[in-house]
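Right, one structure below, let's go through it.
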Amino acid sequence: MATKKKTFDAIAFSRRWRQTTSKLLNKMSYEEQLAFLNQRLANWPGAAKPKNSRTPALPER
């Protein structure tokens, strides 16, 4: 049985995305990280809209 050559490697893509995002977040303050992640969450396709817009993506410190 012949195997197909992969055209897309999801694991490599995920790792690359996480590394890029980590570099970006590491340059931000906690408040900036919170705003950034909440904005991304609000714009995420198919994500359930929060009932309370004050609910943070990360817990308070």
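Data table
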| read-out | value |
| --- | --- |
| Neighbourhood charge, 12 Å Cβ-Cβ cut-off, centred on Arg16 and excluding it, Lys, Arg +1 and Asp, Glu -1 | +2 |
| Estimated vicinal HN-Hα couplings, Hz - segment 16-33 in sequence order (Karplus 6.51, -1.76, 1.60; Gly, Pro = x) | 5, 5, 5, 5, 5, 5, 4, 4, 5, 5, 5, 8, 9, 6, 4, 5, 5, 4 |
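Rule-based calculations on the coordinates, nothing more; no lab input. Everything numeric in this text was worked out from a predicted model, so none of it was measured. Quick reminder, even Gly has a Cβ in these numbers, built from the backbone with ideal geometry, and neighbours come from all protein chains shown.
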